[in-house]
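Q: Quick one: the structure is below, and I'll ask about it shortly.
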Amino acid sequence: MRRGNLRTVLCLGLYVLLTLVRTASAQVSCVTGVVVDKQNRAIPGLSVYLIHPEGKKDGPTITDNFGQFGIANVQRRKEPYYVEIYWGKQLYARRVVIVDHDINLGRIVL
């Protein structure tokens, strides 16, 4: 193996190890939900973002054929997050959540 390739493999291995250790020691949760219309039909293809208390925006995750979405590895904290749901650039819903455990927002009707 060439010296440059070995260095790259070692750096990637160290990065993966540190990421696993950090994730295992952090208090993280999941935020899930289902987006439906007023007739209770699933709405696939919507963009769902998680807005952190300090303003950082994660996502999007896209609702599946059943309108379901899930955002994993959300840092637990007492300050509120916002979950925003978009169709294209149009904001359709915004929910405030305190993530101190796994959160299921249930059905979000648009």
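Q: On full extension of the chain, what length is gained from LYS38 through LYS57, given 0.36 nm per residue of separation minus the C-alpha to C-alpha distance?
A: 4.0 nm is the gain from fully extending LYS38 to LYS57.
Q: In nm, to one decimal, how far is the modelled label at ASN104 from the one at ALA72, with both set 7 Å along Cα→Cβ?
A: 1.8 nm
Q: So, one more: What residues qualify as long-range amide H neighbours of LEU46, i.e. H under 5 Å apart, gap of 5 or more or another chain, H built at 1.01 Å from N?
A: For LEU46, whose amide H was placed from the backbone, the distant partners under 5 Å are THR63.
None of the figures in this text is laboratory data; all of them are computed from the coordinates on show. What you see is a predicted model, and the numbers here were worked out from it, not measured in a lab. Cβ sites come from the backbone with ideal geometry, for glycine too, and all protein chains shown count toward neighbours.
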